[in-house]
Amino acid sequence: RPQGTRFKRVLLKCSGEALMGDSGYGIDFPTVTRIAEEIAAVHSLGVEVCLVIGGGNIFRGLSGAARGMDRATADSMGMMATVMNALAVQHAIEEQGVETRVMSAIPMASLCEPYIRRRAHRHLEKRRVVIFAAGTGNPFFTTDTAAALRAAEMNCDALFKGTQVDGVYTSDPKTDPEATRFEQLSYLDVLSMDLKVMDASAISLARESDIPILVFSIGEAGQFSEIIRGGGRATVIGN
Ligand code: UDP
C-alpha cells in the first residue's frame, strides 16, 4: 500500500450520468475534466486506478427495448455508448499528464485495445490508468456488474461507486427530507432491503470476491482522494 493510503489498487465505477453535468444528455466536457482531476489526484498518491464507465447518458438498452427494439441489439448500442464515454474520459485523464489505456470487452482494434486480463494487469503495474469499456461485452448485463467483474479480475482492494450523493440512504435524499444515510452495510443488507446501490448481480459478485464497495459522491471535489487517505464520507458495504 502506498504510504498514507488505505488501498493499493482500486476500481472506480462512474455512471454515464455523472459525465453529463447539468445537461440532460451526452457528455459535458468541463464535468469530465473535473472527474479526470479527481482520478489524477488519486493516481498521484501512488494508488493503481482502473475505471468502468457507464453509458446511460447516451443510450440504455432497456429504453431501446421499451421502444420495440430487440433487447440484445439495444444492449449492443448501450455498450457502444460506454466506449464513447471511455474515449472522452481517456482524453481528459491524459490532459492531466497521466498515461491511460482503454480496453474494450468488444474488440474495436482501431480505437482501443481488446480486453485481455493479463495485459490489463501489466498496464496497472506500469501505473497506467486502465479504462474498461463496453461493459462485460454481453447483453442483459450492466456496467455495475462489469465493475464488480473487473474489480475481481484485477484483484482490486476496493470498488468505488461514484454517485451524486455521499453514500447509501434509506430513500432518495434529493426527494425525501426524512432520508437517512448508512455508514456501513453488509452485502446481504443491500440485497434484502433492495437498496438501489448497484444491481444484485454486482453486489453478489463483490460479495463472493470479498471486495468492499465504497459509495461516495463523485460530484464533490476531493472526496475520492480523501477516502483513499482514510477520511471523507462514504457508505462502506462489506461482509
Ligand atoms: N450494457 C450491456 N452489457 C454490459 C454493460 C452494459 O449490455 O455488460 C448496456 C446496457 O444496454 C446498458 C448500457 O450498456 O443499459 C449502458 O450501461 P449502464 O446502463 O450500466 O450505464 P450507467 O447506468 O452506469 O450509465
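The values are calculated or read from the model by the stated rules, or taken from the named source; none is laboratory data. As the structure is a prediction and not an experimental result, all values here were calculated from the model. Positions of Cβ are generated from backbone atoms using ideal geometry, with glycine treated the same way; all protein chains shown enter the neighbour counts.
Cβ-Cβ under 7 Å, sequence separation 6+ or interchain: first residue in the range 27-53 and farther than 12 Å from Ile131 by Cβ and in contact (Cβ under 8 Å) with a residue 12 or more places away in the chain, partner assigned to a strand (DSSP E or B) and among the β-branched types (Val, Ile, Thr). Which pairs? Hits for this filter: Val42/Val49; His43/Val49; His43/Val129; Val47/Val10.
For the subset of the range 131-171 comprising residues that are farther than 21 Å from Ser104 by Cα, touching a helix residue (DSSP H, G or I) at 6+ places or on another chain (Cβ under 9 Å) and among the β-branched types (Val, Ile, Thr), which member is surrounded by the fewest Cβ atoms within 10 Å (Cβ to Cβ)? Only one residue tops the list, namely Thr163. Every residue in the range 28-64 that is within 12 Å of the ligand (Cβ to nearest atom), surrounded by 17 or more Cβ atoms within 10 Å (Cβ to Cβ) and farther than 25 Å from Asp157 by Cβ, please. Scanning the range 28-64 gives Gly55, Gly56, Asn57, Ile58, Phe59, Arg60, Gly61, Gly64.
Taken as a whole, the condition of being touching a strand residue (DSSP E or B) at 6+ places or on another chain (Cβ under 7 Å) and not in a loop (DSSP other than H, G, I, E, B) applies to Val83.
Go through the residues of the range 159-173 one by one and say whether even a single one is among the hydrophobic types (A, V, I, L, M, F, W, C), at positive phi, in contact (Cβ under 8 Å) with a residue 12 or more places away in the chain and within 16 Å of the ligand (Cβ to nearest atom). Looking through the range 159-173, none of the residues is among the hydrophobic types (A, V, I, L, M, F, W, C), at positive phi, in contact (Cβ under 8 Å) with a residue 12 or more places away in the chain and within 16 Å of the ligand (Cβ to nearest atom). For the range 217-239, residues that are part of a loop (DSSP other than H, G, I, E, B) and free of Cβ contacts under 8 Å to residues at least 12 places away in the same chain total 1. Taken as a whole, the condition of being closer than 23 Å to Ile213 by Cβ and aliphatic (A, V, I, L, M) applies to Ile53.
Could you grab me the full set of residues in the range 99-111 that are surrounded by 20 or more Cβ atoms within 10 Å (Cβ to Cβ) and either among the hydrophobic types (A, V, I, L, M, F, W, C) or under 20 Å from Phe141 (Cα atoms) (or both)?
Of everything in the range 99-111, those that are surrounded by 20 or more Cβ atoms within 10 Å (Cβ to Cβ) and either among the hydrophobic types (A, V, I, L, M, F, W, C) or under 20 Å from Phe141 (Cα atoms) (or both) turn out to be Val102, Met103, Ser104, Ala105.
For the range 102-153, the tally of residues that are among the aliphatic types (A, V, I, L, M), assigned to a helix (DSSP H, G or I) and closer than 22 Å to Glu17 by Cβ stands at 5. Checking each residue in the range 80-119 for being farther than 17 Å from Leu149 by Cα, more than 16 Å from the ligand (Cβ to nearest atom) and aliphatic (A, V, I, L, M) picks out Ala92, Ile93, Val98, Ala109, Leu111.
Among the residues of this structure, Ala179 counts as one that is surrounded by 13 or more Cβ atoms within 10 Å (Cβ to Cβ), free of Cβ contacts under 8 Å to residues at least 40 places away in the same chain and away from the ligand (no atom under 16 Å from the Cβ). Selection of the range 19-37 for residues being modelled with pLDDT of 95 or more and either among the charged types (D, E, K, R) or under 14 Å from Ser217 (Cα atoms) (or both) yields Leu19, Asp28, Thr31, Arg34, Ile35, Glu37.
Scanning the range 168-183 finds one or more residues that are modelled with pLDDT of 95 or more, within 16 Å of the chain's Cα centre (by Cα) and either closer than 19 Å to Val52 by Cβ or in a loop (DSSP other than H, G, I, E, B) (or both). The set of residues from the range 186-216 being surrounded by fewer than 16 Cβ atoms within 10 Å (Cβ to Cβ), part of a loop (DSSP other than H, G, I, E, B) and either among the aliphatic types (A, V, I, L, M) or in contact with a His (Cβ under 7 Å, 6 or more places away or on another chain) (or both) comprises just one member, Met193.
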